[in-house]
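Notes follow once the structure below has been shown.
The values are calculated or read from the model by the stated rules, or taken from the named source; none is laboratory data. Remember, it's a predicted structure, so these values are computed and weren't measured experimentally. Cβ atoms come from the backbone with ideal geometry, glycine included; neighbour counts cover every protein chain shown. What goes into the accessible areas is simple: the full protein's heavy atoms, side chains included, and nothing from ligands, DNA or RNA. Shrake-Rupley method; radii C 1.70, N 1.55, O 1.52, S 1.80 Å.
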Amino acid sequence: MTAPKLPGHPHIAYQGDELFIENVRLSDLARQYGTPLFVYSKAAMLSALAAYQRGFAGRKVQICYAMKANSSLGVLQVFAQAGCGFDIVSGGELERVLAAGGEAKRVIFSGVGKTRAEMRRALEAGIGCFNVESEAELEVLNDVALAMHQRAPVSIRVNPNVDPKTHPYISTGLKGNKFGIAHERTLATYQRAASLPGLQVVGIDCHIGSQITQEEPYLDAMDRVLDLVETIEAAGIPLHHIDFGGGLGIDYNDDTPPAADALWAKLLAKLDARGFGGRQLMIEPGRSLVGNAGVCLTEVMYLKPGEQKNFCIVDAAMNDLPRPAMYQAFHRIVPLTSRPATSTLYDVVGPICESGDWIGRDRSLAVAPGDLLAVLSAGAYCMSMASNYNTRGRAAEVLIDMNQVHLIRVRENPADTFSHERLPT
Ligand code: LLP
């Protein structure tokens, strides 16, 4: 077997038979830090960001990294130092931004269920904007801001009712979703917001879904949002910024999403044609900045041949990599050392006591116990969704910056997993 090619994974490649991330051999990291281990390439994150920056050259834009994709402090620091803002969805995420050196004024706060305490803390920190998702939330935010003698900057998330053609769990801009304000209610909601003394209307936002691999849903959503901007401004409510959310997909397995700069060339042409080219813009990309910058290393523990299926049991599991179990998602799995041997078809599974604990199905692998594998495209929505199910400590994480290896998260041990629990006395 020759070493597989890894298109869509800049900075992750075989040198001879050995898989490297930047200048570091992954099998060395697995031996030093143990497995399962998440490894991220700083250069890959910055080159994903650069594609957006190229696309927006000469424009007024704030890129707010949607940190739910990967909220590890070391990853946040990379984006904060590169000048990004952050899209947050909880008070916890705000504390992470501040701990990583991000600036509160570049934070936008999304989410349908912000608590009063979260609103207060965000106002106190001085965040840039609340992306409000319901009429009821507007009233509560107004109360909280007035009690603090402040005016909360708000944008209203509108639901453009566009099908992003992705997995139903990660579609968010359709009428049946819990997110945003319906198109028909938008003007009335803006009028209410503009009348509330504790609020300052600053923008409009939308986010139609995630892992979007086509341009059309974005172009359709933009048209619908711009129609609304015209209506709202005609009613005498100026909007300082327009936020088009995140959602751009990555290549997991022969997926062909548009490149960020190519997509934005088309979207900006539309904005220009409709006379909004000079407007302050915002975007909230998550997965497309980090997804293909990370891998999860895992060791083959046992091979279990069966009548119907052969199982390759590895030491990573659905608590580390929840996407296959949750969305039947596909992640490529490749060896850290490519060997010329015959392959067998395996289901790659973890040690958790559930049939849903699989990482890849029907994968052709030439493996033996003790071999090391890399699960690709593991930079987004893996560690940030990891759990302690089966009292498994969460994995360690390292960030690679050329030759430098930074341990950015220490592996949890069993005592860490129950350190917040108390025995009733
Ligand atoms: N903005 C808002 C308001 C969002 O809800 C999201 C993601 C984003 C931005 C970033 O979207 P991205 O650029 O990453 O597609 N756990 C799922 C994905 C959930 C996405 C939730 N919202 C997965 O593993 O596929």
(request) Could you list, in sequence order, all residues of region 263-276 that are touching a residue at least 60 places away in the same chain (Cβ under 8 Å), open to solvent by less than 50 Å² (accessible area, probe 1.4 Å) and out of contact with any Asp or Glu (no Cβ under 9 Å at 6 or more places or on another chain)? (result) Trp264, Leu268
(message) I'd like to verify a number: residues in region 363-408 that are without any contact (Cβ under 8 Å) to a residue 40 or more places away in the chain and in contact with a strand residue (DSSP E or B) (Cβ under 7 Å, 6 or more places away or on another chain), how many?
(response) 1
(message) I need every pair where a residue in region 7-25 that is open to solvent by 50 Å² or more (accessible area, probe 1.4 Å) has its Cβ under 7 Å from the Cβ of a residue that is among the hydroxyl-bearing types (Ser, Thr, Tyr), sequence separation at least 6 or different chains.
(response) Pro10/Ser47; His11/Ser41; Asp17/Thr337; Asp17/Ser338
(request) Name the single residue, out of those in region 215-249 being free of Cβ contacts under 8 Å to residues at least 60 places away in the same chain and either farther than 21 Å from Ala273 by Cα or touching a Pro at 6+ places or on another chain (Cβ under 8 Å) (or both), that is farthest from the ligand (Cβ to nearest atom). (result) Gly236
(message) Pairs needed: first member in region 409-420, touching a residue at least 12 places away in the same chain (Cβ under 8 Å); second member anywhere, open to solvent by less than 70 Å² (accessible area, probe 1.4 Å) and outside any loop (DSSP other than H, G, I, E, B); C-beta distance under 8 Å; at least 6 residues apart or different chains.
(response) Arg409/Phe38; Arg409/Gly74; Arg409/Met383; Arg409/Ala396; Arg409/Glu397; Val410/Ala396; Arg411/Tyr33; Arg411/Ala396
(message) Name the single residue that is nearest to Val158 (Cα to Cα) among those in region 106-117 being assigned to a helix (DSSP H, G or I) and away from the ligand (no atom under 16 Å from the Cβ).
(response) Arg116
(request) Specify the residue that is nearest to Pro258 (Cα to Cα); the eligible residues are those in region 286-311 that are hydroxyl-bearing (Ser, Thr, Tyr) and out of contact with any helix residue (DSSP H, G or I) (no Cβ under 7 Å at 6 or more places or on another chain). (result) Thr298
(request) Any chance you could count how many residues in region 381-423 are under 16 Å from Ala317 (Cα atoms) and of a type in the set (Asp, Glu)? (result) 2
(message) Being among the aromatic types (Phe, Trp, Tyr) and closer than 27 Å to Ile156 by Cα narrows it down to one residue among Phe86, Phe20; which is it?
(response) Phe86
(request) Determine which member of the set Gly356, Gly350 is farther than 19 Å from Ile12 by Cβ, touching an Asp or Glu at 6+ places or on another chain (Cβ under 7 Å) and of a type in the set (Gly, Ala, Ser). (result) Gly350
(request) Please verify whether region 124-131 includes one or more residues that are in contact with a His (Cβ under 9 Å, 6 or more places away or on another chain) and polar (S, T, N, Q). (result) yes
(request) Return a yes/no flag: does region 319-332 have any residue that is more than 19 Å from Ser387 (Cα to Cα) and either more than 13 Å from the ligand (Cβ to nearest atom) or within 20 Å of the chain's Cα centre (by Cα) (or both). (result) yes
(message) I'd like to know if region 295-304 contains one or more residues that are at pLDDT 95 or above, within 16 Å of the ligand (Cβ to nearest atom) and open to solvent by 10 Å² or more (accessible area, probe 1.4 Å).
(response) no
(message) Of the conditions (1) among the charged types (D, E, K, R); (2) free of Cβ contacts under 8 Å to residues at least 40 places away in the same chain; (3) not assigned by TED's automatic domain parsing to the domain that holds Asp205, Asp87 satisfies every one except a single condition; which number is it?
(response) (2)
(message) Please verify whether Ile204 is within 16 Å of the ligand (Cβ to nearest atom) and out of contact with any Gly (no Cβ under 6 Å at 6 or more places or on another chain), treating the condition exactly as stated.
(response) yes
(request) Out of the residues in region 379-420 that are of a type in the set (A, V, I, L, M) and assigned to a strand (DSSP E or B), state the one that is surrounded by the fewest Cβ atoms within 10 Å (Cβ to Cβ). (result) Leu407
(message) Just the residues that are within 14 Å of Gly294 (Cβ to Cβ), open to solvent by 20 Å² or more (accessible area, probe 1.4 Å) and touching a residue at least 40 places away in the same chain (Cβ under 8 Å), please, taken from region 26-47.
(response) Lys42, Ala43
(request) Go through region 62-105 residue by residue and tally those that are open to solvent by 40 Å² or more (accessible area, probe 1.4 Å) and within 15 Å of the ligand (Cβ to nearest atom). (result) 2
(request) Hey, can you tell me all the residues within region 222-262 that are part of a loop (DSSP other than H, G, I, E, B), among the small types (Gly, Ala, Ser) and surrounded by fewer than 17 Cβ atoms within 10 Å (Cβ to Cβ)? (result) Ala235, Gly236, Ala259
(request) Might you check whether a residue that is hydroxyl-bearing (Ser, Thr, Tyr), out of contact with any Phe, Trp or Tyr (no Cβ under 8 Å at 6 or more places or on another chain), modelled with pLDDT of 95 or more and open to solvent by 10 Å² or more (accessible area, probe 1.4 Å) occurs anywhere in region 188-211? (result) yes
